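All remarks here apply to the structure that follows.
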Amino acid sequence: MFEIGGFLLFFGLLLAFSSIKFVNEYDRLVVFRLGRVTGERGPGVAFVVPLIERSQKVDLRIVTMSIPMQEAITRDNISVKIAAVCFYQIIDSRKAVTKIEDAMAATSQVAQTTLRSVIGQYELDDILTERDKINAKLQSIIDRQTEGWGIKVNAVEIKDVEIPQQMQRAMARQAEAERERRAKVVAAEGELQAAEKLAQAAAVIASQPGAMQLRQLQTMVEVSAEKNSTLIFPIPIELLGNLGKNQGVVEKAMHFLPAAAQALKSKGETIQVPDETKEKV
């Protein structure tokens, strides 16, 4: 009799300890009593009556689910392979247990079929350039289908797009042609700006008598620094003939001549003046 009492006491303690459940902060216990859902318990310590109640744990954290590579045909009849990633979480643990057998598998299948369907509605250029728009549409469609299962789809992101090799080569040629076009446009704009500046400089020089001669003298001084054996220095006869009108220009020209002559003399070079210029002077 003592042995039977001890066995019953041990069995009762075992049942009591087995009824105690420790539920994490991110988990919930969906409790069934005689086959009917009675509610959720947790987080913390929860008690489940042995032999009468049964519990099933549900994780409420966000799940990262990879959508495997899917082959689809775009609206412009190009075969592409696309992979994506889906972020979802269970917001209603009771529905996730009672409405669907395997929430993750069901969500994965819905995401794959929706991805192929949505990609078929866009052209290849749109898929490559409007990913945000496509991601938002995928998230909206998948979320509507999983809402009845107590699952909330937070985001869907396309992470990889594979296109045929011939299409890649065609896109590369297109990109190269576009870069060449931009380079030609930039070069043409540079030529136009340079021509405008030269026209402005020519107008300024033409408006000032003797400005061309002064510029020529400056150029001769710069050239004198080079290793030239002979430097021919042309002087227009008008510059020396009209001393009254161009007295200031002549004085400025004489200011540059000693510097040029000195630079040439230091290098052992000479300045030659054409004979016809000597005769006219």
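Quick notes
- Ordering of 25-31, 97-103 by packing [mean C-beta count within 10 Å, highest first]: 25-31, 97-103
- Spatial separation of Cα centroids for region 93-137 and region 180-209, in angstrom: 57
- Relative contact order, percent, region 14-58 [alpha-carbon distance under 8 Å, six or more residues apart]: 44
- Per residue Cα convex hull volume in Å³ - calculated over region 126-227: 238
- Contour excess over end-to-end distance, with Cα ends at THR113 and ALA155 and 0.36 nm allotted per residue: 13.5 nm
- Note on region 1-120: Cα Rg divided by 2.2 N^0.38 Å, N the number of residues, gives 1.66.
- Translational diffusion of region 63-167, µm² s⁻¹ [Kirkwood Rh, Cα pairs; Stokes-Einstein; 37 °C; 0.692 mPa s]: 233
- Rounded to whole Å, sorted largest first: equivalent-ellipsoid semi-axes of region 14-58, Cα gyration tensor: 16, 14, 6
Only the coordinates and a few stated rules stand behind these numbers; no lab work does. Here the structure is a predicted model, which is why all the values come from computation and not from measurement. Methodologically, a virtual Cβ is constructed for each residue, glycine included, from the backbone with ideal geometry; neighbour enumeration extends over all protein chains shown.
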